[in-house]
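Beneath this line is the structure, given in structure tokens, with notes to follow.
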Amino acid sequence: MNKLLLKKGREKSLKRRHPWIFSGAVEKAGGKPGETLLVCDVAGNPLALAAYSPDSQIRARVWSFDVSASIDKDFFQRRIEKSLKLREQLPASKHTNAMRLIHGESDGLPGLVVDRYADVLVAQFLSAGAERWRDAILDSLVQLTGCEAIFERSDAEVRVLEGLPPRTGFFRGNRNAARCPIVEYGLNFRVDVEQGQKTGFFLDQRENRQRVRALAEGREVLDAFSYTGGFSLAALAGGAKHVTAVESSAEALEVARENLAANPLDSSRIVFEKADVFSYQRLLRDRGRRFDLVVLDPPKFAPTAAQAKNAARAYKDINLMALKLLAPGGLLATFSCSGGVSAELFQSIVAGAAVDAGVDARIVERFGAAADHPVALNFPEGDYLKGLLVLRT
Ligand code: SAH
């Protein structure tokens with residue numbers, strides 16, 4: 001087996017079982033992309049088995065800290081089985097047929113993401129190691145889930161960093177991949193697994209949509225960055241007086257309208273606005289509009305900590321405007337899915353926004369990702385989604 005030799009003292013993060021080995025920690029390594037290497041400290045002590053990514057700054061990702069393990073088809077079968085079991089046991093599995101089945105590093109499968117939308121699986125192979133085992137993984141998925149249709153969405157930006165070309169399409173089976181019907185807590189959604197963002201739907205917000213539903217009764221709601229209407233429909237189902245959904249993508253809004261039509265909801269109580277949230281919030285302010293519940297679920301402004309400063313400005317701007325648009329007694333459900341923005345930083349940005357908006361506000365609840373997006377304790381990077389429910393007093 002080829003080896004990856006670490007520089008002196010660079011085994012510390014591995015000892016804490018962090019699965020990533022950065023290029024700067026590597027003294028010497030060799031092998032083909034995706035090949036399993038034996039990772040050793042400077043004295044030659046074996047520490048882990050890891051997949052080699054020669055083109056990436058994350059030079060290797062650990063499959064196992066048990067150096068006697070065999071990284072083979074059975075290994076992936078067992079890890080996938082374990083991930084599936086965890087989802088079966090979740091309370092949400094009784095209320096939806098759409099779940100994240102495999103959440104990369106947090107399920108011990110670095111670089112692999114698999115979402116289930118009813119009888120269709122969407123898979124993303126995001127590292128050289130996951131790519132190397134693609135066939136074995138896809139075979140196991142078919143066998144263990146009974147899903148006959150698997151759509152591959154290996155078109156995420158991170159593939160480029162791994163030196164991997166994009167790949168999309170059905171691996172097995174065929175469906176109308178542009179409109180895959182799912183149910184979430186009794187609401188019908190269509191998921192565009194082919195063209196939609198990420199794998200087609202933001203499953204991580206499932207329980208938070210449900211929370212917004214419970215809070216929406218009688219309220220005038222603004223759903224900013226609405227995508228295909230997840231929070232909007234939840235608010236309507238919860239008895240919102242009226243919902244304004246703002247989204248810049250025409251494709252997303254088209255699906256949002258179909259989602260509305262797929263449910264017994266009063267379409268006269270919702271408007272979809274194709275607009276940029278930053279300018280649209282100002283327009284609403286100039287028109288003197290007020291809301292009792294604002295949802296802010298923007299895209300990832302800061303994928304890494306390096307972009308945190310610009311992202312902070314953007315987060316502050318939308319939160320400041322949202323707080324100004326809130327009527328007294330109104331609620332703001334505000335989120336950040338930026339890995340580069342910590343929960344502490346996010347809270348201080350929202351606090352700064354409240355000061356500048358001149359409003360009195362308090363945090364009444366905190367949000368995270370749904371339980372099918374677990375966070376392995378040895379991989380804090382997995383804790384990307386944070387949210388606050390803020391009450392304007
Ligand atoms: N809340 C949604 C997910 C939102 S994802 C759900 O529960 O399903 C973020 C969305 O913001 C994407 O649909 C993206 O198209 C949209 N977006 C990004 N920048 C925007 C902007 N400046 N103005 C309006 N929408 C924007």
#### Entry: Mean Cα-pair separation over length for the chain, i.e. relative contact order, pairs under 8 Å, 6 or more apart, %
11 percent
### Query
Short version: ³J(HN,Hα) in whole Hz for each residue of segment 92-106, in order, from phi by Karplus 6.51 cos²θ - 1.76 cosθ + 1.60 (θ = phi - 60°), x for Gly and Pro, what are they?
4, 5, 7, 10, 8, 10, 10, 8, 7, 8, 9, 10, x, 3, 5
### Query
Mind listing the phi-derived Karplus ³J(HN,Hα) values for segment 186-198, rounded to whole Hz, using 6.51, -1.76 and 1.60 with θ = phi - 60°, and x for any glycine or proline?
x, 9, 8, 10, 9, 10, 8, 6, 7, 10, x, 6, 6
### Query
Could you give the nm distance between label points at Ser13 and Val271, where each point is 7 Å from its Cα heading toward the beta carbon?
4.9 nm
### Query
Once you put a point 7 Å from the Cα of Glu381 and another 7 Å from the Cα of Val160, both along the Cβ direction, what distance in nm separates them?
1.8 nm
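If His373, His242 are ordered by their accessible area, calculated over protein heavy atoms with a 1.4 Å probe, which sequence runs from highest to lowest?
Details: His373 10, His242 40 Å².
Accessible-area ranking of His373, His242, largest first: His242, His373.
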### Task
Collect residues whose amide H, placed 1.01 Å from N in the peptide plane, falls under 5 Å from the amide H of Val191; neighbours closer than 5 in sequence don't count.
Cys180, Ile182
### Message
Taking amide H atoms as placed 1.01 Å from N in the peptide plane, list the residues 5 or more away in sequence, or in a different chain, whose amide H sits under 5 Å from that of Arg100.
### Response
Arg116
### Message
Taking the Cα centroid of segment 8-81 and of segment 97-131, what is the distance between the two, rounded to the nearest whole Å?
### Response
20 Å
### Task
Just check segment 45-183 against the gyration tensor rule for me: Cα atoms, a ≥ b ≥ c as the square roots of the eigenvalues, rounded for a/c under 1.5, and otherwise prolate or oblate depending on whether a/b exceeds b/c.
oblate
#### Entry: Percent breakdown of C-alpha pair distances by 10 Å bin, ordered from the shortest bin, for the chain
5, 22, 30, 24, 14, 5, 1, 0
### Message
Under the rule a/c < 1.5 gives rounded, and otherwise a/b versus b/c splits prolate from oblate, where does segment 249-365 land using the Cα gyration tensor?
### Response
oblate
### Label-point gap, in nm, between Asp360 and Ala261 - each point 7 angstrom along Cα→Cβ
4.8 nm
### Query
Considering only Cα-Cα distances, which of the following residue pairs are longer than 27 Å: Lys73/Lys300; Lys32/Lys73; Lys7/Lys300; Lys241/Lys324; Lys15/Lys300?
Lys73/Lys300; Lys7/Lys300; Lys15/Lys300
### Query
What number, in percent, do you get for the relative contact order of segment 283-393 if the mean sequence gap of Cα pairs under 8 Å and at least 6 apart is divided by its residue count?
32 percent
### Summary
Per residue, accessible area of segment 27-112 with a 1.4 Å probe, heavy atoms of protein chains only, in Å², comes to 45 Å²
### Query
Can you work out the FRET efficiency for the pair Glu251 and Phe65, with r the C-beta to C-beta distance and R0 = 30 Å, to the nearest 0.05?
0.10
## Note on the structure
With all protein chains present, segment 231-386 has a carbon and sulfur share of its accessible area (1.4 Å probe) in percent of 52 percent
#### Entry: Computed magnitude of the charge dipole of the chain (debye, nearest 20; Cβ of K, R +1, Cβ of D, E -1)
760 debye
### Message
Quick check on the chain: helices-only [θ] at 222 nm, where DSSP H runs of length 4 and up contribute -39,500 (n - 2.57) each and the sum goes over total residues. Nearest 500, please.
### Response
-8500 deg cm²/dmol
### Message
Between segment 202-273 and segment 295-366, what is the separation of their alpha carbon centroids in Å?
### Response
20 Å
### Task
Take each of the peptides 2-13, 39-50, 244-255, average the number of other beta-carbon atoms within 10 Å over its residues, and list them starting from the highest.
244-255, 39-50, 2-13
### Query
Regarding segment 61-102, what is the average projected area of its C-alpha convex hull, in nm²?
3.8 nm²
### For segment 3-49, the spread of Cα positions along each principal axis, largest first, Å
26, 19, 19
#### Entry: Formal net charge of residues neighbouring Glu273 (Cβ-Cβ distance under 11 Å; K, R +1; D, E -1)
-2
### Summary
Ranked by GNM mean-square fluctuation in the chain (Cα springs under 10 Å), the top entry among Ile71, Ile80, Ile318 is Ile71
### Task
Report, by chain and number, residues whose modeled amide H sits under 5 Å from the one on Val243, excluding near sequence neighbours (fewer than 5 apart, same chain).
Val221, Ile270, Val271
#### Entry: Computed lengthening from Lys85 to Glu344, 0.36 nm per intervening residue step minus Cα-Cα distance
90.0 nm
### Task
Rank-order 350-358, 94-102 by packing density, defined as the average count of other C-beta atoms within 10 Å over each peptide's residues, highest first.
94-102, 350-358
#### Entry: Nearest-0.05 FRET efficiency for Arg78 and Arg282, computed from C-beta distance (R0 56 Å)
0.55
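The values are calculated or read from the model by the stated rules, or taken from the named source; none is laboratory data. Quick caveat, the model's predicted, so the values are computed rather than measured. Backbone-built Cβ (ideal geometry, glycine too); neighbour counts: all protein chains shown. These accessible areas exclude ligands, DNA and RNA; they are computed on the full protein's heavy atoms, side chains included. Shrake-Rupley method; radii C 1.70, N 1.55, O 1.52, S 1.80 Å.
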